[in-house]
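The values are calculated or read from the model by the stated rules, or taken from the named source; none is laboratory data. Keep in mind that this is a model prediction, so the values were computed, not measured. Positions of Cβ are generated from backbone atoms using ideal geometry, with glycine treated the same way; all protein chains shown enter the neighbour counts. Just the protein is used for accessible areas: all its heavy atoms, side chains included, with ligands, DNA and RNA removed. Shrake-Rupley method; radii C 1.70, N 1.55, O 1.52, S 1.80 Å.
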Amino acid sequence: MKKNNSYWLFLEPHVRIFIKRDHVLLYDTLKGKVLEYCKDHEISKVAKRLKGIKNLFTIKITGKEINGNASLAQLISDLKENCMGDIIDSSLSRGKPVQLVRILNNQAELKKNKFDNFWSIGEDILANLKEISFFITNRCERDCEICKYAYKQFPFCSTNGKAGEILEVDKIRNFVIQAKGSGLSRINILGGNILSYPELETLFNFLAGIPILKSYFIHVKNLKNGFERIASLTDRLSELEVLIEAPFNKGKADYIEKIVQRATLETCLCLVVKNENELLNIQKYFYSIGPDKLRIQPCFNANNFDFFHEHVFLSKQRIIESSPSEKDIFTRMAANPTNFGKLIVGSNGKIYGNMNNAPIGLLEKDSLRHILYRELDSGKSWRRLRTNVQPCKSCVYNLLCPPLSNYETVLGQNNLCQIEIDP
Ligand code: SF4
Ligand code: SF4
């Protein structure tokens with residue numbers, strides 16, 4: 001590098017810079033490539049300048065700086081090699097080259113009544129709604145150990161609440177009708193045992209008239225005495241979600257296979273897994289049913305932390321391989337895509353943005369618009385961000401990492417990963 005020359009160092013606009021102290025990550029949103037520099041103060045200084053809002057990914061450096069700074073020379077070499085940036089002699093341009101860098105318009109921090117640009121409010125507030133889950137009853141004759149905790153981790157049946165609760169079909173109808181013209185694309189129906197719901201056929205026929213996906217969740221233990229009733233229901237857009245726990249053996253797999261073949265509704269299998277052995281048995285006996293029909297759902301029972309550490313916790317490699325797009329990153333700056341747009345109605349009529357948080361309304365009292373506004377305005381579920389919680393807020397990977405899920409809440413730690421964060 002000629003020491004008396006000056007150069008424009010620039011990043012390509014599809015690169016994102018993440019900096020935490022002297023830990024720097026440059027991420028290519030097109031190729032999913034990462035350049036990482038740990039404990040390098042020089043690179044951190046340059047990265048901060050590049051990221052500066054006035055610099056727009058382009059800064060001036062001298063040949064002398066490059067020659068005297070091994071870190072800077074290495075950074076430039078890495079950028080060139082990976083097509084993520086370069087330098088050009090400043091004498092070749094009349095002024096500073098312009099890079100069109102995209103930034104989130106309304107900042108990640110949402111302020112009351114100032115979210116017009118990102119969220120849809122007013123007439124459009126309904127556009128934010130994507131999915132509603134109704135626990136239509138908590139009645140069930142079974143006594144599963146998992147009943148108390150699985151539904152807080154993923155969609156699963158539960159008898160949670162006062163015994164014998166029923167969500168009347170008229171209340172469900174009134175709520176769903178309010179979603180007309182919304183972004184609603186899925187309704188989940190859960191229990192208890194949904195076969196103990198007195199108006200199941202009425203509810204089914206009403207929902208069959210709505211051209212969106214409907215999923216009916218039923219534990220395989222309850223299906224044994226009620227399959228014929230389910231088998232009499234038909235709707236092209238309704239599916240049966242069969243909830244299955246261990247033991248996973250050949251007898252159960254054969255039984256489930258027959259159900260899949262005989263069911264009139266499209267059938268998916270949710271296989272709840274708590275340890276290594278169960279996982280192996282699923283692979284052994286259930287994969288032949290068709291991997292596209294299976295959803296393997298790890299379940300935390302307070303005694304299987306090691307299993308979670310091995311199979312659920314994220315490695316750096318898995319985070320990078322998930323290669324989030326620029327749109328994913330922007331979304332994660334402002335919302336939790338796992339929760340966003342989803343409402344859950346308990347069998348007592350309480351409405352939640354997430355089952356692990358306090359209710360945000362009551363079915364018979366609050367309008368759908370009111371509920372949506374409340375969650376967008378002050379709710380704790382749809383905007384539960386990694387960038388706001390410890391220790392993730394101090395981690396350079398926090399926008400590449402998948403959004404917070406229910407597992408973090410249930411395990412009581414936000415960093416379900418194998419990554420050490422600099423103190
Ligand atoms: S079948 Fe479902 S609702 Fe019934 S006890 Fe078992 S987990 Fe609970
Ligand atoms: S500390 Fe948090 S943000 Fe960082 S990798 Fe772990 S889970 Fe992801």
Give the lysines whose C-alpha is closer than 18 Å to that of K54, dropping any in the same chain fewer than 8 places away, or say none.
K45, K96
Where does helix 250-262 land angle-wise versus the long Cα axis of the chain, in degrees 0 to 90, nearest 10?
80
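Please report, in debye to the nearest 20, how large the charge dipole of the chain is about its Cα centre when each Lys and Arg carries +1 at its beta carbon and each Asp and Glu carries -1 there. Show your work: numbers first, answer last.
Values: 59 positive and 47 negative charges, 261 e Å.
Once rounded to the nearest 20, the dipole reads 1260 debye.
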Tally up the carbon and sulfur contribution to the accessible surface of the chain as a whole percent, 1.4 Å probe, everything protein left in place.
50
Straight-line reach from K221: which lysines fall under 17 Å, measuring Cα to Cα and dropping same-chain residues less than 8 apart?
K148, K250, K252, K258
As a test question: what accessible area, to the nearest 10 Å², does D124 have when a 1.4 Å probe is rolled over all protein chains in place?
90
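Give the ranking of M1, M355, M84 by solvent-accessible surface, highest area first, calculated with a 1.4 Å probe.
M1, M355, M84
Taking R0 as 35 Å, what FRET efficiency do you get between L237 and K327 from their Cβ-Cβ distance, rounded to the nearest 0.05?
Working: r = 27 Å, r/R0 = 0.78.
Approximately 0.80, to the nearest 0.05.
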Relative contact order %, segment 294-423, counting alpha carbon pairs below 8 Å whose residues are six or more apart
29
Farthest toward the dipole's positive end in segment 1-73, which of L50, A70, L35, given Cβ charges of +1 (Lys, Arg) and -1 (Asp, Glu) about the Cα centre?
L50
Suppose R0 equals 35 Å. What FRET efficiency, 1/(1 + (r/R0)^6) with r the Cβ-Cβ distance, do R21 and N303 give to the nearest 0.05?
0.40
Over segment 121-411, average the accessible area per residue using a 1.4 Å probe and give it in Å², no decimals.
44
Let's test the formula: R0 of 22 Å, r as the Cβ-Cβ distance of I212 and R295. What FRET efficiency results, to the nearest 0.05?
0.65
With a ≥ b ≥ c the root eigenvalues of the C-alpha gyration tensor of segment 127-209, is it rounded (a/c under 1.5), prolate (a/b larger than b/c) or oblate?
oblate
In Å², nearest 10: area of I76 left accessible to a 1.4 Å probe
10
Convex hull volume of the Cα atoms in the chain, per residue, in Å³?
165
Any chance you could look up the accessible area of Y352 with a 1.4 Å probe, heavy atoms only, rounded to 10 Å²?
30
